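Throughout, read-outs are computed from the coordinates displayed, never taken from laboratory work. Since the model is a prediction, treat every value here as computed from it, not as a measurement.
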Amino acid sequence: MSPTFREIVLGDLLSSISGTKPLIVAGGLTLQSAVVMAHERQEIDTFAIVDDSQVLIGVLTVDALVEDVLADLFPEGFLPDVTGVDSLMSSAGLFVKHRVVEEIMDEPHSVNHSDLVGSAIQKMRINKLRGLPIVDTGGRVTGYLDLFDVLVGWVTSEPDEMKGV
């Protein structure tokens, strides 16, 4: 990725690619419904969790959703290192049955249209996310950016001689 591409404003990048529609859900959405939605929208890796005012309150990765649900369904698969009471007690969090996405969401990581591509990538990498909601100045979700969108934007913006990755 060229230094100039890193300095492109997300709004400019997004105007040049089709992008991916965000997956916006309320915090009270059941985990079962979230699993169905994730299956229907497999191009999305990160849910945008919003409050009643549609303001971003958290994010939830599909991986975190799968891990949480599977830990409830198959706890023995998540306890390979349990060898005694002490290790069982330290693993007790795996047995907490969550019901809604708000219970397992992460902080509201996001980007906005004025952020630079480089800072968006850095935010994803630091927070171990493959995608981020794009929010307006009021914190309402307006879009979604993932690493593949960035890659497509780079490929379509670079001169042909730079494309030989």
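Report the extension gain between Ser53 and Asp136 in nm, rounded to one decimal, defined as 0.36 nm multiplied by the number of residues separating them, less their alpha carbon distance.
Contour length minus Cα-Cα distance gives 28.6 nm.
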Full extension from Ile126 to Val152: what is 0.36 nm times the residue separation minus their Cα-Cα distance, to one decimal in nm? 7.2 nm
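Any chance you could run the full-extension gain for Arg41 through Arg99? It's 0.36 nm times the residue separation minus the Cα-Cα distance, nm to one decimal.
On the way: separation 58, 0.36 × 58 = 20.88 nm, distance 2.07 nm.
Here the segment from Arg41 to Arg99 would lengthen by 18.8 nm.
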